[in-house]
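Following: one structure in structure tokens, then a few remarks.
The values are calculated or read from the model by the stated rules, or taken from the named source; none is laboratory data. In this text, all values refer to a predicted model and were calculated from it rather than measured experimentally. All Cβ positions, even for glycine, are placed from backbone atoms using ideal geometry, and neighbour counts span all protein chains on display.
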Amino acid sequence: MNPPPIPPVCTGGEASHLLSRRECLNRFALGLGGVALAGLLNPAARAEGVKVAGVLGRTHLAPRAKRIIYLFQSGGPSQLDLYDPKPLLNQRHGEQLPDSVRGSQRLTGMSAHQSSIPIAGSPFAFTRHGQSGHAFSEVLPHLGKVADELCVIRSMHTESINHGPGVTFMQTGSQIPGRPSFGAWLDYGLGAENENLPSFVVLLTKDKKGQPLMSHLWGSGFLPARHQGVRFRSGGDPVLYLGNPAGVSAENRRLALDRLRELHEHQFAGTADAEISTRISNYEMAFRLQSSVPEVTDLKDEPAHVVDSYGPEARTPGSYAYNCLLARRLAERGVRFIQLYHQDWDHHGGLPGALRRETQQTDQASAALVADLKARGMLDDTLVVWGGEFGRTNYCQGIMTAGNFGRDHHPRCFSIWMAGGGVKRGIVHGETDEYGYNVVRDPVHIHDLHATILHLFGIDHEQLTYRFQGRRYRLTDVHGHVVKAILA
């Protein structure tokens, strides 16, 4: 006698092209089975969570953050010249780095064949700020004004030693392109708060050189395409092809989209492909963006003193300062994940002058963003993150001169800072050795950072998964621990 057929498992992932999770649960015992199962599997979610529109349906615990503004500094900013002062390096400037410090760590091809690796002290003075006593470089005068709002992590580390894998790792949780980006995971899990704007927006500083930033960094990977980030461009139309051609009115566009939707729905009835639903939703979102994007990108309603606080370039579309101000406006309107990219931190040579140039573009606007969010009562539930893909070495790459030097890539320790969104204010987490080469206390891996950010959004990082090619994937892969010491 043949056994009865096993009913299909209803999960997010490959099976969802036939039935969505919600449809599956609703059809199973009128949805009561799904409700009971959710309560049995995760009673804490029933007690503490918050209803959401994404695939989770409910967060696993009460969220502290509603949105995130990620100020990604591509290229690897030098922690030793910004956030992690090491007096010993200045004392031993020009001496050879002891073998006992470097150990067996591999070097990049750019410095592996140097005949010497001289220690390079920082040319910048460090000053303590606020009641917290954060020590910041002299090239960060504005950030010092919001020091008491910041949580500085000095013990970040990664396996990536080159830019491509490093940036991909920080943005997707994997060194290999193809995984969903952080913003896509959040949109998948939590859904959108504003139906007239994307839940995940990407902003790039214009006219910047450096390592290329590819679209997979804000892509949806194997998640449905509707979760990918939408890049806003500088100048002209922030989103291409939103404007109607000459002679086409909004009414005509609406009629055309209605007919197109009917055709797509007819196709979906015969072929239950999730990408057809994605195409329908994307067309509808594009129609709504025709009015919402011009409104959010027009700064005419911003008070002059607010715009000025972000710096002299705040009125120049595509500048870092403008993007920081635009990020706050997007956050006000319910955009959940705003990703800023600023390039040209890869200072293998000419570091003293290059670092000053980059901080002149980013310091005031970054600090103003934190202060502006706080003034509007938004900082408590808006998480701001600043950092790159790795740090810089404590030794000079290439030839050191009296006023010039460079630093190579350094994955073993680097610094980032966070503010708002449920993290502690005015603290330093983690410690590096006196040479600034190795983490000696409270290491934080990229997977740990991702797990902690998801936790702040009320998500257990082990439970936000997607089935693809026979395996369940998550942002933190099979790693990651919440860094509880930085939680407020």
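Return yes or no: is LEU143 under 23 Å from THR382 (Cα atoms), in contact (Cβ under 8 Å) with a residue 40 or more places away in the chain, more than 16 Å from the chain's Cα centre (by Cα) and in the same structural domain as HIS410 (by TED's automatic domain parsing)? Step through it out loud before you land on a result.
Values: under 23 Å from THR382 (Cα atoms): yes; in contact (Cβ under 8 Å) with a residue 40 or more places away in the chain: yes; more than 16 Å from the chain's Cα centre (by Cα): yes; in the same structural domain as HIS410 (by TED's automatic domain parsing): yes.
Yes.
State the number of residues belonging to segment 80-96 that are surrounded by 14 or more Cβ atoms within 10 Å (Cβ to Cβ) and under 15 Å from GLY406 (Cβ atoms).
Result for segment 80-96: 4.
How many residues are out of contact with any Ser or Thr (no Cβ under 6 Å at 6 or more places or on another chain), farther than 17 Å from PHE136 by Cβ and part of a loop (DSSP other than H, G, I, E, B) if we restrict to segment 422-443?
Total satisfying the criteria: 7.
Determine whether segment 276-298 contains at least one residue that is under 30 Å from GLN360 (Cα atoms) and among the charged types (D, E, K, R).
Of segment 276-298, the ones under 30 Å from GLN360 (Cα atoms) are 293-298.
Checking the rest, the ones that are also among the charged types (D, E, K, R) come to 295, 298.
Yes: segment 276-298 contains one or more residues that are under 30 Å from GLN360 (Cα atoms) and among the charged types (D, E, K, R).
Can you name the condition, by its number, that GLY236 falls short on among (1) free of Cβ contacts under 8 Å to residues at least 60 places away in the same chain; (2) among the small types (Gly, Ala, Ser); (3) outside the structural domain of VAL202 (by TED's automatic domain parsing)?
Every listed condition holds for GLY236 apart from (3).
Select from segment 117-143 the residues that are β-branched (Val, Ile, Thr) and in a loop (DSSP other than H, G, I, E, B) and list them in ascending order. Talk me through it step by step, then tell me what you get.
Here is the first cut: in segment 117-143, the ones β-branched (Val, Ile, Thr) are 117, 119, 127, 139.
Scanning segment 117-143 gives ILE117, VAL139.
When you scan segment 105-122, do you find a residue that is among the charged types (D, E, K, R), buried (at least 16 other Cβ atoms within 10 Å of the Cβ) and under 32 Å from the mean Cα position of the chain (by Cα), even just one?
Within segment 105-122, the first condition is being among the charged types (D, E, K, R), and the residues that meet it are 106.
Checking the rest, the ones that are also buried (at least 16 other Cβ atoms within 10 Å of the Cβ) come to none.
No, segment 105-122 has no match at all.
Name, by its number, the condition in (1) over 30 Å from GLY103 (Cα atoms); (2) without any contact (Cβ under 8 Å) to a residue 40 or more places away in the chain; (3) part of a helix (DSSP H, G or I); (4) not β-branched (Val, Ile, Thr) that does not hold for ALA368.
For ALA368, the exception is condition (2).
Would you check if there is a residue in segment 156-178 being of a type in the set (A, V, I, L, M), assigned to a strand (DSSP E or B), within 29 Å of TYR473 (Cα to Cα) and modelled with pLDDT of 95 or more? Steps first, answer last, please.
Taking segment 156-178 as the starting set, the residues that turn out to be of a type in the set (A, V, I, L, M) are 156, 161, 167, 170, 176.
Imposing the further condition that a residue be assigned to a strand (DSSP E or B) reduces the set to 156.
Next cut, within 29 Å of TYR473 (Cα to Cα) only: 156.
Imposing the further condition that a residue be modelled with pLDDT of 95 or more reduces the set to 156.
So far as segment 156-178 goes, yes, one or more of its residues are of a type in the set (A, V, I, L, M), assigned to a strand (DSSP E or B), within 29 Å of TYR473 (Cα to Cα) and modelled with pLDDT of 95 or more.
Scan segment 297-320 and give yes if some residue there is surrounded by fewer than 18 Cβ atoms within 10 Å (Cβ to Cβ) and among the hydroxyl-bearing types (Ser, Thr, Tyr), otherwise no.
Within segment 297-320 (the criterion being surrounded by fewer than 18 Cβ atoms within 10 Å (Cβ to Cβ) and among the hydroxyl-bearing types (Ser, Thr, Tyr)), the answer is yes, since at least one residue qualifies.
Could we say that ARG333 is closer than 19 Å to GLY377 by Cβ and in contact with an Asp or Glu (Cβ under 8 Å, 6 or more places away or on another chain) here?
Working: closer than 19 Å to GLY377 by Cβ: yes; in contact with an Asp or Glu (Cβ under 8 Å, 6 or more places away or on another chain): no.
It is false that ARG333 is closer than 19 Å to GLY377 by Cβ and in contact with an Asp or Glu (Cβ under 8 Å, 6 or more places away or on another chain).
Could you identify the single residue in CYS413, CYS396 that is out of contact with any helix residue (DSSP H, G or I) (no Cβ under 8 Å at 6 or more places or on another chain) and surrounded by 24 or more Cβ atoms within 10 Å (Cβ to Cβ)? I'd like the intermediate steps shown before the answer.
Working: CYS413 fails: out of contact with any helix residue (DSSP H, G or I) (no Cβ under 8 Å at 6 or more places or on another chain).
Going through CYS413, CYS396 in turn, just one is out of contact with any helix residue (DSSP H, G or I) (no Cβ under 8 Å at 6 or more places or on another chain) and surrounded by 24 or more Cβ atoms within 10 Å (Cβ to Cβ): CYS396.
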